[in-house]
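Coordinate-derived values only; no laboratory data. Here the structure is a predicted model, which is why all the values come from computation and not from measurement. In this analysis, Cβ positions are derived from the backbone assuming ideal geometry, glycine residues included, and neighbour counts consider all displayed protein chains.
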Amino acid sequence: MGRCDTFRSSERSCQHLWITLILMDQSAITGRQLAAARTLVEMSQAEVAKAANVSVPTLKRMEGASGSVPGMTNNVAAVVRALEAAGVTFIDGDYSGSGGPGVRLRDPA
């Protein structure tokens with residue numbers, strides 16, 4: 001799978017990702033969500049970084065953010081895509097439960 005560097009990428013998975021990021025604003029994703037998602041799927045930072053094609057220090061900076069994830073949109077999108085491919089669903093603060101943003105595992109199909 002290639003990288004989703006632009007909104008005009010023709011890959012179907014990239015189009016889905018960009019739509020997801022538009023609907024769930026990148027600034028709504030927190031560093032704690034990324035770290036929790038990675039832990040939930042039992043992946044190391046090196047494994048996620050490799051799957052997302054970003055450096056480990058970049059991922060560490062993203063996870064270390066106390067609020068919104070810093071970084072280039074395409075890098076954040078790549079990390080989100082890698083974690084979603086591993087089985088994570090990102091939950092924003094507007095879902096019908098209580099609490100704020102979070103993560104959960106998808107039901108195995």
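Here are the numbers:
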{"item": "Point-to-point label distance, residue 107-residue 91, nm (Cα→Cβ direction, 7 Å offset)", "result": "1.5"}
{"item": "Linear extension gain, residue 40 paired with residue 60, 0.36 nm per residue minus alpha-carbon span", "result": "5.6 nm"}
